[in-house]
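Trainee: Before anything else, here's the structure in question.
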Amino acid sequence: MGKIGIEDGILKKPGALTPEEFDIMKTHTTKGANILRPVAQLKDMIPGIELHHESLDGRGYPRGLKDAEIPLLPRIIAVADTFDALTTNRPYQQAHDPEAALRIIHSLSGKRLDPTAVAALSAIYERGEIRIQRPSVQIASPSAHSPAKPLTTPSSAPEARADVVAAAAEAAAR
């Protein structure tokens with residue numbers, strides 16, 4: 001939500017952000033929370049939006065919260081957001097397949113990401129409750145004599161992230 005307040009040059013930059021650009025990018029969490037704060041029906045979602053980049057090790061943003069200081073909802077959204085970021089094409093990286101994304105997420109479990117939320121994501125993926133659509137896209141072949149080959153890439157699917165959040169929240173509540 002808050003990324004609508006970040007300039008496209010930063011959002012779509014194909015390479016690494018400068019420290020100044022990253023400082024600007026980090027404001028998307030509080031911008032998103034501030035956009036939604038006046039909507040009374042969404043008041044329970046505000047901590048999830050504002051704090052989903054906090055890290056268990058205290059090196060996250062915007063507040064540098066650590067461990068139990070981070071509420072459950074942002075912990076769940078952090079895992080879903082990480083899975084979404086890893087499985088969609090971004091200007092700075094190609095999408096990972098879901099299994100590779102889960103390996104990366106597991107490597108962050110207990111450091112940056114909540115182990116219970118990571119386990120919930122893994123469980124719902126293993127049950128087949130997360131589906132990533134992979135439309136076939138034609139790309140140019142390296143040889144002028146051979147036809148273009150289809151490349152399967154994940155689509156960006158915000159609704160899939162919402163499904164992951166809902167399923168992980170349900171699993172974490174059990």
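Quick note: the coordinates plus some simple rules give every number you see, no bench work behind them. Being a predicted model, the structure only gives us computed values, none of them experimental. For neighbour counting, all protein chains shown are included, and Cβ atoms are generated from backbone atoms with ideal geometry for every residue, glycine included.
Trainee: Between Lys13 and Arg59, what FRET efficiency follows from the Cβ-Cβ distance if R0 is 22 Å, with the result rounded to 0.05?
Mentor: That gives a FRET efficiency of 0.50.
Trainee: Here is a follow-up. Search the structure for amide H atoms under 5 Å from the amide H of Arg90, placed 1.01 Å from N in the peptide plane, and list their residues when 5 or more places away or on another chain.
Mentor: Hits under the 5 Å cutoff: Ala95.
Trainee: Rounded, prolate or oblate: pick one for segment 1-51, where a ≥ b ≥ c are the square roots of the eigenvalues of its C-alpha gyration tensor, a/c under 1.5 means rounded, and failing that, prolate if a/b is larger than b/c, else oblate.
Mentor: Here segment 1-51 falls in the prolate category.
Trainee: Show the residues, 5+ positions off or on another chain, whose built amide H is closer than 5 Å to the amide H of Leu113.
Mentor: Leu56
Trainee: Further, regarding this structure: Between Asp44 and Arg103, what is 0.36 nm times their sequence separation minus the Cα-Cα distance? Round to one decimal in nm.
Mentor: This chain segment gains 18.2 nm when fully extended.
Trainee: Still on this structure, I have one more. Explain nothing, just the number: dipole magnitude of segment 6-78 about its Cα centre with +1 on each Lys and Arg Cβ and -1 on each Asp and Glu Cβ, in debye rounded to the nearest 20.
Mentor: The calculation lands at about 140 debye.
Trainee: Fewest Cβ neighbours within 10 Å first, please rank Phe22, Phe83 accordingly.
Mentor: The most exposed by this proxy come first: Phe22, Phe83.
Trainee: With a point put 7 Å past each Cα toward its Cβ, work out how far Glu129 is from Thr27 in nm, to one decimal.
Mentor: 3.8 nm
Trainee: Would you mind pulling out the separation of the Cα centroids of segment 1-54 and segment 120-134, in Å?
Mentor: Measuring centre to centre over Cα atoms gives 26 Å.
Trainee: So, one more: Using the beta-carbon distance between Leu72 and Tyr92 and R0 = 30 Å, what value does 1/(1 + (r/R0)^6) give for FRET efficiency, to the nearest 0.05?
Mentor: 0.50
Trainee: Please arrange Tyr125, Tyr92 by counting, for each residue, the other beta carbons lying within 10 Å of its beta carbon, fewest first.
Mentor: Final ranking by Cβ density, sparse to dense: Tyr92, Tyr125.
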